[in-house]
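Novice: Quick one: the structure is below, and I'll ask about it shortly.
The values are calculated or read from the model by the stated rules, or taken from the named source; none is laboratory data. Model, not experiment: these values are computed from the prediction. All Cβ positions, even for glycine, are placed from backbone atoms using ideal geometry, and neighbour counts span all protein chains on display.
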Amino acid sequence: MNEKRGGILFTLILIIGLSLLLLWLLFNSLFMPVLKKDFSTVRTGDKPLVTILVPLRNEEHNVQPLIESLHKLTYPKLEFIFLNDQSTDETLPLLEKHTQMLSHARIIQGEKLPIHWVGKVFACHQLSKHAQGRYLFFLDADIQIRPGTIEALLHVAKKKNLGLLSGFPQFPVKGTAWLCQLLVPMQHLIIYLHLPLYLANRTQMPLASAAHGSFMFFSKSCYDQIGGHEAIHRSLTEDIQLMRNSKQAGFATQLVNNTAFASCKMYDTTKEVWHGFAKNSFPGIGRSYLLSVLLMLFYTVIFVAPLFVALYGIVSLQLYYIIPYVLTVLIMAWINFLSKQRLVLSFFIPFSAASLISILVYSMFLSRRTGYTWKGRVYK
């Protein structure tokens with residue numbers, strides 16, 4: 001009898017907690033503005049030069065789709081700068097071939113990585129030294145952006161006098177490895193659930209900061225004043241640090257829902273997603289062991305446990321026990337709807353959460369032992 005009461009009480013607490021979490025999610029998402037098409041920047045007023053900067057290291061499979069998407073951009077004043085970061089595959093010849101379809105495009109050769117620099121950060125720093133635009137738009141090689149993107153960004157940046165604008169793109173995962181389908185959509189959950197978006201977008205509080213390194217739109221004045229990538233040359237989470245630095249320098253910033261304009265196929269294989277998430281998980285929370293333990297407990301109780309509670313309810317024919325799992329699915333479904341993700345993946349939220357916990361444990365292990373390996377380089 002006591003065990004039954006304990007089970008009912010635990011389930012009731014889960015239902016209340018998850019219901020409050022769902023309400024928080026609905027409220028918090030109100031403060032994530034959606035990037036919308038606006039061509040008034042082109043039709044009237046000043047048309048500033050925008051420099052698009054892309055570092056590439058062994059990205060032969062991404063070169064053509066990236067450049068084809070850039071070729072379709074409709075904004076009239078663009079320059080394109082690509083950096084070949086000592087690639088050992090066909091990245092350079094493919095760049096030389098496909099950039100012919102772009103006007104005002106240049107390819108520069110990356111220098112040897114200096115000691116104490118992170119590879120991508122150094123590549124972006126080199127790119128920035130060649131940029132002439134009043135706005136700098138840093139993209140990753142695995143992203144594709146749609147026509148009207150630059151106009152939409154300029155409209156928001158000029159209207160709100162922003163120093164930095166970023167967003168988490170849509171992440172297509174259909175056809176990728178199962179671990180990709182479980183983990184990649186969790187990036188949006190982390191933002192909508194853990195980041196107080198009112199503070200992130202309407203205050204200059206550095207701690208309330210998030211950004212996605214594949215989509216970073218700076219005013220040149222902001223980028224220069226914060227010291228650019230050189231100021232954070234050792235950071236593995238350079239996007240978050242650049243957002244924080246921009247706020248600390250007094251610039252207005254914004255994180256937007258840009259999923260209508262940008263898609264990013266980050267990983268194709270289990271190995272890629274495992275190492276990619278491991279590189280960012282523990283460093284992304286400041287290498288805090290206390291916070292790591294708290295997050296693992298939170299995800300275990302809130303997202304993993306409801307599956308076992310539901311299974312017990314099915315076996316015992318007590319459907320009351322299924323409610324917590326249903327609430328977790330609704331939480332993930334709302335996030336997947338906002339991020340234009342496949343809604344069917346919402347049903348796998350317990351496995352996504354368990355995978356995220358496993359990655360965090362592994363990331364902590366790497367931090368203590370071997371360091372993080374990415375694109376053939378090791379970072380401590």
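Novice: For the subset of region 107-118 comprising residues that are among the β-branched types (Val, Ile, Thr) and touching a residue at least 24 places away in the same chain (Cβ under 8 Å), which member is farthest from GLN225 (Cα to Cα)? Don't jump to the end; show me each part of the working.
Specialist: Just the residues of region 107-118 that are among the β-branched types (Val, Ile, Thr), to begin with: 107-108, 115, 118.
Cutting the leftovers down to touching a residue at least 24 places away in the same chain (Cβ under 8 Å) gives us 107-108, 118.
Working: ILE107: 26, ILE108: 24, VAL118: 21 Å.
By that ranking, first place goes to ILE107.
Novice: Out of the strands (runs of 3 or more DSSP E) lying entirely within region 119-226, which hold 3 or more residues that are touching a residue at least 12 places away in the same chain (Cβ under 8 Å), of a type in the set (A, V, I, L, M, F, W, C) and farther than 30 Å from ILE349 by Cα? Steps first, answer last, please.
Specialist: Working: elements: 135-139, 143-145, 162-167, 215-219.
Result: 135-139.
Novice: Right, next: So in region 285-294, with the set limited to residues that are within 17 Å of LEU193 (Cβ to Cβ) and touching a helix residue (DSSP H, G or I) at 6+ places or on another chain (Cβ under 7 Å), which one is surrounded by the most Cβ atoms within 10 Å (Cβ to Cβ)?
Specialist: Step one: list which residues in region 285-294 are within 17 Å of LEU193 (Cβ to Cβ), which gives 285, 291-292, 294.
Next, only the ones that are touching a helix residue (DSSP H, G or I) at 6+ places or on another chain (Cβ under 7 Å) stay: 285, 292.
Working: ILE285: 18, SER292: 20.
Among residues in region 285-294 that are within 17 Å of LEU193 (Cβ to Cβ) and touching a helix residue (DSSP H, G or I) at 6+ places or on another chain (Cβ under 7 Å), the one surrounded by the most Cβ atoms within 10 Å (Cβ to Cβ) is SER292.
Novice: Something else about it: What is the number of the single condition among (1) under 25 Å from ALA152 (Cα atoms); (2) buried (at least 19 other Cβ atoms within 10 Å of the Cβ); (3) not hydrophobic (A, V, I, L, M, F, W, C) that HIS98 does not meet?
Specialist: (1)
Novice: Return the only residue of PHE298, PHE308, PHE303 being exposed (fewer than 14 other Cβ atoms within 10 Å of the Cβ) and either at pLDDT 90 or above or not in a helix (DSSP H, G or I) (or both).
Specialist: PHE308
Novice: Conditions: (1) at pLDDT 95 or above; (2) farther than 30 Å from LEU20 by Cβ; (3) surrounded by 17 or more Cβ atoms within 10 Å (Cβ to Cβ). ARG146 meets all but one. Number of the miss?
Specialist: Exception for ARG146: condition (3).
Novice: Filter region 221-241 down to residues that are surrounded by 20 or more Cβ atoms within 10 Å (Cβ to Cβ) and of a type in the set (Asp, Glu) and give me whichever is nearest to LEU162 (Cα to Cα).
Specialist: Taking the candidates together, the pick is ASP239.
Novice: Would you please name the residue that is farthest from LEU22 (Cα to Cα), looking only at residues in region 311-329 that are touching a residue at least 60 places away in the same chain (Cβ under 8 Å) and buried (at least 18 other Cβ atoms within 10 Å of the Cβ)? I'd like the intermediate steps shown before the answer.
Specialist: The first filter runs over region 311-329 and keeps only residues touching a residue at least 60 places away in the same chain (Cβ under 8 Å), leaving 312, 320-321, 323-324, 327-328.
Within this subset, residues satisfying the condition of being buried (at least 18 other Cβ atoms within 10 Å of the Cβ) are 321, 323-324, 327-328.
Values: TYR321: 18, ILE323: 13, PRO324: 11, LEU327: 8, THR328: 8 Å.
Here the answer is TYR321.
Novice: If a residue has to be basic (Lys, Arg) and under 18 Å from SER128 (Cα atoms) to count, how many in region 228-259 make the cut?
Specialist: Selection size over region 228-259: 1.
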